[in-house]
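Participant: Would you mind keeping the following structure in view while I ask a few things?
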Amino acid sequence: MAQHKLPFENRWTTGQHAWEWHCELERIGLHNVRAMLANHESEHPDRRLAVADVPAEFARDWLEFHDRHAGRQQILWRASVLVLAGVAAGASLIAALR
């Protein structure tokens with residue numbers, strides 16, 4: 001069986017178990033996991049398992065990974081928009097000076 005590496009740091013388990021949890025959370029989806037974890041923390045904070053059979057700590061780490069990834073994507077998108085705006089401004093300035 002192939003060994004899978006998680007795309008984020010996980011302090012709660014290793015190996016195949018962690019990969020199964022990761023796949024389960026990916027299958028459920030980001031917004032659903034976030035809602036299920038919020039529900040777990042407000043109604044059942046003493047239970048160890050939060051989402052399906054995944055511990056709350058692992059789900060939190062998984063959500064943090066996705067939030068960091070989304071933040072990097074947003075920074076990249078904003079930088080590309082600024083570069084394109086600069087190119088457009090430069091082109092319009094050159095066209096106005098001709």
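The values are calculated or read from the model by the stated rules, or taken from the named source; none is laboratory data. Just so it is clear, the structure is predicted and the values come from calculations on it, not from any experiment. Cβ coordinates were reconstructed from backbone atoms using ideal geometry, including for glycine residues, and neighbour counts include every protein chain displayed. Surface accessibility is based on the protein's heavy atoms, side chains included, excluding ligands, DNA and RNA. Shrake-Rupley method; radii C 1.70, N 1.55, O 1.52, S 1.80 Å.
Participant: Using helices alone, I'd like the mean residue ellipticity at 222 nm for the chain: each DSSP H run of four-plus residues gives -39500 (n - 2.57), total over residue count, nearest 500.
Facilitator: Value at 222 nm, helices only, nearest 500: -25000 deg cm²/dmol.
Participant: What is the spin-label model distance, in nm, from Glu57 to Ala95 if the labels are put 7 Å beyond Cα along the C-beta direction?
Facilitator: 5.9
Participant: Under a 1.4 angstrom probe, counting protein chains only, how are Arg27, Arg78 ranked by accessible area, largest first?
Facilitator: Working: Arg27 165, Arg78 135 Å².
So, going from the largest accessible area down, we get Arg27, Arg78.
Participant: Of the accessible area of the chain, with the probe set at 1.4 angstrom, what percent is carbon plus sulfur?
Facilitator: About 59 percent, which is the carbon plus sulfur part of the accessible surface.
Participant: Also, I was wondering about something else. Note the listed values [x] 61; [y] 56; [z] 73, then indicate which one is percent of Cα pairs over 19 Å apart calculated from this particular structure.
Facilitator: [y]
Participant: Taking +1 at the Cβ of each Lys and Arg and -1 at the Cβ of each Asp and Glu, which of Met36, His66, Ser92 sits farthest along the dipole of the chain towards its positive end, judged by Cα position relative to the Cα centre?
Facilitator: Farthest towards the positive pole: Ser92.
Participant: Determine the per residue accessible area of the range 37-98 with all protein chains present and a 1.4 angstrom probe, expressed in square angstrom. Could you put the intermediate results ahead of the total?
Facilitator: Values: 4530 Å² over 62 residues.
On a per-residue basis, the range 37-98 sits at 73 Å².
Participant: A further question on this structure: For Glu64, Glu43, write out the residues from largest to smallest accessible area, computed with a 1.4 angstrom probe and no ligands counted.
Facilitator: Of Glu64, Glu43, the descending order of accessible area is Glu43, Glu64.
Participant: Asn39 to Arg27: extension gain in nm, 0.36 nm per residue of separation minus the Cα-Cα distance? Before the final figure, lay out each step's value.
Facilitator: Values: separation 12, 0.36 × 12 = 4.32 nm, distance 1.86 nm.
So the chain would gain 2.5 nm between Asn39 and Arg27.
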